[in-house]
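Accompanying notes for the structure given below.
Please treat every number below as a calculation from the coordinates, not as lab data. Predicted model, so just to flag it, every value in this text is computed and none were measured. For neighbour counting, all protein chains shown are included, and Cβ atoms are generated from backbone atoms with ideal geometry for every residue, glycine included.
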Amino acid sequence: MEPFSQSSPLFESRLRSLRKIHQGKVRDIYDVDSQHLLIVTTDRLSAFDVVLPDPIAFKGEVLTQISLFWFGKTRHIVPNHLSDLKVEDVILDPAERAQLAGRTMVVKKLTPLPVEAVARGYLIGSGYKDYQLHGSVCGIALPAGLQVAERLPEPIFTPASKAPAGQHDENIDFEAIVSLIGRDYATRIRRITLEIYRFAADHARARNIIIADTKFEFGLDKAGNMLLIDEVLTPDSSRFWPMASYKPGSSPPSFDKQFVRDYLESLHWNKKPPAPHLPPDIQARTSDNYRAALKLLTA
Ligand SMILES: Nc1ncnc2c1ncn2[C@@H]1O[C@H](COP(=O)(O)OP(=O)(O)O)[C@@H](O)[C@H]1O
Ligand SMILES: [Mg+2]
């Protein structure tokens, strides 16, 4: 594992040599050429889908290193968007490179499919809410009497629509995915999502971590091939729970953002922008938790 870079936390990247074409909650995306994008994972932290004003030290590097780890480990299941180009190939100015170290990927430019491909092995979050209301999640009927955080009889595919910025994703059933992207891609996404989830959950379980759920994104190349894109099995796209404190019937603390969420809840903030600042100790503990997740998962 590469040591962490010395550069200061990065809230927003500013490259002169490439054009920024998109700024997500966490990532800044630059156009490289007709076939490639440069993705910079900043240290921005979002909570309740709102970006907080303080960057979290090392977060961008942790998310990037975890994603690279999983892209490598899952290549036998699905091809992914990583390209052969290195950052040094597309950013020639050493000063520009300095802010990118450890947090940047040059990827294939693909057309993202408008689906959040979620796999759940445990009943939590919006899955638990839907279950309480309907006894099912995304149209998948579940046994009666399941408790919050309980392990499901088997992992399920619970897709969501990709909400526009500022809105929350919405759980939808499999047939809704079929009408969005066609039955062939929908069926393949479901199969691949569950296969990666099972593979990763086994890997994590051997390290005393539960992956309760996770979200993938897929994109298409010009020939219609489907590739895994975005980020993979990071603390931002997944719920990781320490096995030691897991107990069905109560909502386990999340690995990374629990201090942040608890703090924000204590403020009675309305969860609309602008978000409040975090005290330095909450920032520091959150940074520690991200680094701990990297170590535990990839050691
Ligand atoms: N290889 C790729 N080609 C095209 N778009 C991509 C690729 N990989 C990721 N993306 C897109 O880049 C964006 C990542 O930025 P992020 O900050 O995570 O956004 P969001 O706020 O939507 O989560 C997402 O919209 C994702 O769909
Ligand atoms: Mg994202």
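Numbers at a glance
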item	result
Sorted peptide list for 172-178, 190-196, criterion being average Cβ within 10 angstrom, highest first	190-196, 172-178
CD proxy at 222 nm, helix term only [per DSSP H run n ≥ 4: -39500 (n - 2.57); per residue of the chain; nearest 500]	-9500 deg cm²/dmol
Kirkwood Rh, Cα atoms: Rg over Rh of region 237-299	1.01
Entries of 20/272; 162/295; 59/295; 25/257; 59/247; 25/59 with Cα pairs more than 24 Å apart	20/272; 162/295; 59/247
P(r), alpha carbons of region 67-174 - 10 Å bins starting at zero, rounded %	12, 29, 27, 20, 10, 3
For the chain, alpha-carbon Rg over 2.2 N^0.38 Å	0.99
Dipole of region 1-109, positive direction: furthest Cα of 22, 55, 41, with charges on the beta-carbon	22
The chain, dipole about Cα centre (Lys/Arg Cβ +1, Asp/Glu Cβ -1), debye to the nearest 20	260 debye
Whole-Hz couplings from phi, Karplus 6.51/-1.76/1.60, listed for region 239-249; x for Gly and Pro	10, 9, 10, x, 4, 4, 9, 6, 8, x, x
Equivalent ellipsoid semi-axes, region 1-105, via Cα gyration tensor eigenvalues times 5, rooted, Å	20, 18, 15
Within straight-line cross-link reach of residue 271, aspartates and glutamates at Cα separation under 14 Å, skipping those fewer than 8 residues along the same chain	49, 262
Gyration tensor verdict on region 83-135 (Cα atoms; rounded if a/c is under 1.5, prolate if a/b is larger than b/c, oblate otherwise)	prolate
Nitroxide proxy distance, nm - points 7 Å out along Cα→Cβ at residue 261 and residue 180	2.2 nm
Size-normalised alpha-carbon gyration radius of region 111-245, reference 2.2 N^0.38 Å	1.04
